[in-house]
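Here is the structure we will look at.
The values are calculated or read from the model by the stated rules, or taken from the named source; none is laboratory data. Given the structure is predicted, the values throughout are model-derived calculations rather than measurements. Using ideal geometry, Cβ is built from the backbone for each residue, glycine included, and neighbour counts are taken over all protein chains shown.
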Amino acid sequence: MNNQNSQSTTPPGIDITARRPTFDFSAVEKTWLADPIKSHFMNALSVLIPHSERIVMQIMRSELPCIKDPILKQQVQALIKQEGAHAGMHRQSNERLKQAFPAIGFFEKIQVSFMKLVMTCASRAFVIALPAAFEHFTAAISRDYLSHHQHWTGEKNNQAIEFVNWHALEEIEHQAVCLDVYKTQYSSGVAVTIFLDATHTHINLRHSIIFFA
Ligand SMILES: [Fe+2]
Ligand SMILES: [Fe+2]
């Protein structure tokens, strides 16, 4: 799905594919990763993911008419399908989390209000930079999680871990797409760079977690 004339920088041989696996979270225990800190880190991330992915889908859908490159356009459409499936499964896992932590609903509302403000006040370049930065943020965490799987899971195996495995692999698969879309319209990467600096902090997050554990 890649050729030299395309604006896509997704490596050759990677075919972004929408998959729809299902997971049953009913028997997942509270400490589902190696320890409580890692479990709650991923829980907190999960709370923020459905609305973040909804924003990514919303922005990418609005950009579709501006994308002339057929390969990049097809990749954006596939990314939207993948994110739709991720958001749906995270909503399900978050419902299970809310049974144990009802205050999660309050944090979801704060996120929705904050993002509404950002989307209303920010420039177009900043808005298109948001998905590019978010996708690099999630890909950085995904790469760390997959590269140090035993560290994160403690060799446990459950449906929540299977769920994160699937999401992490697809995040790496479509990592480049939103940045490619941004670059079709803006050559300056200042807005993205600000977010990528934040992402760099999270690349080292595994070590921060060890420090605080
Ligand atoms: Fe995702
Ligand atoms: Fe993503």
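Taken together, the residues in the range 159-191 that are over 19 Å from Val47 (Cα atoms) and more than 16 Å from ligand 2 (Cβ to nearest atom) amount to 9.
Among the criteria (1) in a helix (DSSP H, G or I); (2) away from ligand 1 (no atom under 16 Å from the Cβ); (3) under 22 Å from Gln185 (Cβ atoms); (4) of a type outside the set (Ser, Thr, Tyr), the one Met60 does not fulfil is (2). Scanning the range 13-56 for residues that are closer than 22 Å to Glu173 by Cα and exposed (fewer than 13 other Cβ atoms within 10 Å of the Cβ) yields a total of 7.
Considering only helices (runs of 4 or more DSSP H) fully contained in the range 93-180, which possess at least 2 residues that are under 15 Å from the mean Cα position of the chain (by Cα) and on the phi < 0 side of the Ramachandran plot? Where helices (runs of 4 or more DSSP H) fall fully within the range 93-180 and carry at least 2 residues being under 15 Å from the mean Cα position of the chain (by Cα) and on the phi < 0 side of the Ramachandran plot, they are 124-147, 159-173. Only one of the listed residues (Ile71, Ile80) is at pLDDT 95 or above and within 14 Å of ligand 2 (Cβ to nearest atom). That residue is Ile80.
Pro102 fulfils the conditions (1) at pLDDT 95 or above; (2) more than 16 Å from ligand 2 (Cβ to nearest atom) except for a single criterion, (1). Among residues of the range 122-150 that are in contact (Cβ under 8 Å) with a residue 40 or more places away in the chain, none has a beta-carbon under 6 Å from a residue that is of a type in the set (Asp, Glu) and surrounded by fewer than 17 Cβ atoms within 10 Å (Cβ to Cβ) at least six positions away or on a different chain. Scanning the range 97-126 for residues that are of a type in the set (D, E, K, R) and surrounded by 13 or more Cβ atoms within 10 Å (Cβ to Cβ) yields Lys98, Glu108.
When the criteria are applied in full, Val76 meets the requirement of being under 16 Å from the mean Cα position of the chain (by Cα) and part of a helix (DSSP H, G or I).
Based on this model, can you work out whether Arg61 counts as within 15 Å of ligand 2 (Cβ to nearest atom), more than 17 Å from Ala132 (Cα to Cα) and surrounded by fewer than 15 Cβ atoms within 10 Å (Cβ to Cβ)? No: the conditions fail for Arg61.
Of all positions in the range 80-89, none carries a residue that is away from ligand 1 (no atom under 16 Å from the Cβ), part of a helix (DSSP H, G or I) and of a type in the set (Asp, Glu).
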